[in-house]
Amino acid sequence: MGLTQVGIEAGRAGACPAPVICERFDDLGADGRPVRLGIMGGTFDPIHIGHLACAEQAREAFGLDAVVFIPAGKPAFKLKRDVTPAEQRFEMCRLAVRGNPAFDVSRIEIDRPGVTYTADTLRQLREHYPGNVSLFFITGADAVCSILKWRESAAIASMAELIAATRPGYALSEETRLTIEQSGNFRIHMLETTGLAVSSSDLRARVRSGRSIRYLTMQQVLDYIAGHGLYGWKQDRKAVREVSEVGPDQDNRSELGEVDVLGDAFYQARREQLKHRVKHKRFEHSLGVSETAARMARVYGQDERLARLAGLLHDWDKAYDDEGIRARAVELGVAEQLASYMDMPHLLHGPTAAAALAREFPELPSSLLQAIRLHTTGAVGMSPLDLIVYVADVIEPTRDCPGVDQLRDLVGKVELEELFLETLAYVIGNLIERRKLIHSDTVTVWNHYVARAQERGASNDVKGSK
Ligand code: NAP
């Protein structure tokens, strides 16, 4: 349900200090207990499921309390190769690790000027964390092979133990391991990662040649790569399909190449697409909102085709979980303006859907996108289409909550704004009954429309007394 809801901004009064190492684990070890911290060093161009599985398996195998991914700023051994800008590699790492509370990502290497040397990174970590925090530097076994050539390798050996991750075809022989250990004073642990023959270079090559990278990295990372056209990503139809699960190719383009977004073919194509994006019940709900919105548009003299499409698409982003929808808001560049909803992520899917649809289908009218954006929160000064979508979301036929029938009965019998106010009262009453928080924006919307109703009542009284 896109019910109006709350975001209490508790404890956000003062500005938070910038993290030194990373947001989640700056205070690690402060209580004096022994802590084991994993450091995932890498270029991460791009990050993929092999890296994530490796970090998770290292965490498990070596009893690590946390793992920080540290994307290299200017990788020492890649100075002659074109590497994706550090900020973008950092952003992809951030999107990938958000969902795991034991993971975080650090900017220390990308913020440090000059060539990235692991010794400098470990020194920075050693200076920040107390002695009870032990460091485990995790990286590919093939990277470890060259470690004796790394700058200040003796210092590296004194500051951290190494975890060398092998993957099919890339193992470190026992002989090499012993040589490195003995000549460099290293403590090296081997970690056999299971069956993940994925590599960043393979992902880049796949994108370049238009092949799929779906399931080889997190969907948010894939969306980011597509959204920013990285690695030669081409926004052709095949690629778009990979990002957004487009169904059968039914878009009807006119001879001029324009898409008639209010036409049947576009509607059917989005309907197919939605079917794959959301669960069956949500899909049925969306069809119900679409039909109801179209009917209400007829009754209240609004554009029926606009209403049916807005109803169909209003829950376009509903399949994300809390972490996913927050990451989606970040990726779409709308997180800052939605800061007050970040603590109530179930309110985000309206605004993210509007932003995502605008990106994917630039031809969609702004009035339709607005109705989708506002369906979770409402707003002061809503258009008739906004009111219709909001109400239709609550009264569509698959909803069988007590009290909804009374609202259904009001369609066509009362003014649209009055119907909206009744619906809002129903929604807020529900929240209060279930002891749910109410967002201050919702209270503002309520006060605004109640005041307008009072004004209407007063002017009716005046007219009636004449
Ligand atoms: P790389 O040479 O690109 O990686 C070598 C192999 O290890 C690749 O197959 C790579 O796979 C894999 N790999 C990289 N990081 C991994 C990780 N954390 N877990 C599992 N496998 C990983 O190495 P790199 O990414 O540039 O560097 C690795 C780390 O070593 C970085 O932190 C880098 O700063 C450090 N390093 C330091 C020095 C120095 O201080 N002089 C020199 C070289 C490297 P993918 O291609 O799929 O990632």
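Quick notes on this structure:
- Residues in the range 158-185 that are part of a helix (DSSP H, G or I) and modelled with pLDDT of 95 or more: Ser158, Met159.
- The C-beta contact set for the range 304-318 (first residue in contact (Cβ under 8 Å) with a residue 12 or more places away in the chain, second residue outside any helix (DSSP H, G or I) and crowded, with 24+ Cβ neighbours inside 10 Å, distance under 6 angstrom, 6+ apart or interchain) comprises His314/His375.
- Beta carbons closer than 6 Å, at least 6 apart along the sequence or on distinct chains, pair a first residue in the range 328-345 that is under 17 Å from Trp316 (Cα atoms) with a second that is assigned to a loop (DSSP other than H, G, I, E, B) and of a type outside the set (Phe, Trp, Tyr) for Ala329/Ala335; Ala329/Leu338; Ala329/Leu348.
- Residues satisfying the stated conditions in the range 138-157, i.e. assigned to a loop (DSSP other than H, G, I, E, B), on the phi < 0 side of the Ramachandran plot and at pLDDT 90 or above: Trp150, Arg151
- Leu135 being at pLDDT 95 or above, open to solvent by less than 40 Å² (accessible area, probe 1.4 Å) and either within 15 Å of the ligand (Cβ to nearest atom) or farther than 30 Å from Glu175 by Cα (or both): yes
- Positions within the range 98-112 being assigned to a strand (DSSP E or B) and within 14 Å of the ligand (Cβ to nearest atom), in sequence order: Phe103, Val105
- The range 186-204, subset of a type in the set (D, E, K, R) and within 14 Å of the ligand (Cβ to nearest atom), residue modelled with the lowest pLDDT: Glu192
Residues checked against (1) open to solvent by 10 Å² or more (accessible area, probe 1.4 Å); (2) in a loop (DSSP other than H, G, I, E, B); (3) more than 9 Å from the ligand (Cβ to nearest atom):
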{"residue": "Gly63", "(1), (2), (3)": "yes, yes, yes"}
{"residue": "Ile70", "(1), (2), (3)": "no, no, no"}
{"residue": "Leu95", "(1), (2), (3)": "no, no, yes"}
{"residue": "Gly114", "(1), (2), (3)": "yes, yes, yes"}
{"residue": "Asp120", "(1), (2), (3)": "yes, no, no"}
{"residue": "Arg123", "(1), (2), (3)": "yes, no, yes"}
{"residue": "Glu127", "(1), (2), (3)": "yes, no, yes"}
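- For the range 28-48, a residue qualifies if it is within 10 Å of the ligand (Cβ to nearest atom) and open to solvent by 40 Å² or more (accessible area, probe 1.4 Å), but none of them does.
- Pairing residues of the range 66-78 that are without any contact (Cβ under 8 Å) to a residue 40 or more places away in the chain with residues that are more than 8 Å from the ligand (Cβ to nearest atom) and of a type in the set (Lys, Arg), at Cβ distances under 6 Å and at least 6 apart in sequence or on separate chains, gives Pro71/Arg89.
- Members of the range 138-148 that are open to solvent by 10 Å² or more (accessible area, probe 1.4 Å) and near the ligand (Cβ under 8 Å from one of its atoms): Thr139, Gly140, Asp142, Ala143, Ser146
- Among the residues of the range 150-161, the ones that are near the ligand (Cβ under 10 Å from one of its atoms) and open to solvent by less than 10 Å² (accessible area, probe 1.4 Å) come to 1 in all.
- Residue within the range 325-334 that is open to solvent by 20 Å² or more (accessible area, probe 1.4 Å), under 15 Å from Ala392 (Cβ atoms), of a type in the set (D, E, K, R) and touching a Lys or Arg at 6+ places or on another chain (Cβ under 8 Å) present: no
The values are calculated or read from the model by the stated rules, or taken from the named source; none is laboratory data. Please read all numbers here as calculations on a predicted model, not as lab measurements. All Cβ positions, even for glycine, are placed from backbone atoms using ideal geometry, and neighbour counts span all protein chains on display. Side chains are part of the model used for accessible areas, which takes the heavy atoms of the whole protein and leaves out ligands, DNA and RNA. Shrake-Rupley method; radii C 1.70, N 1.55, O 1.52, S 1.80 Å.
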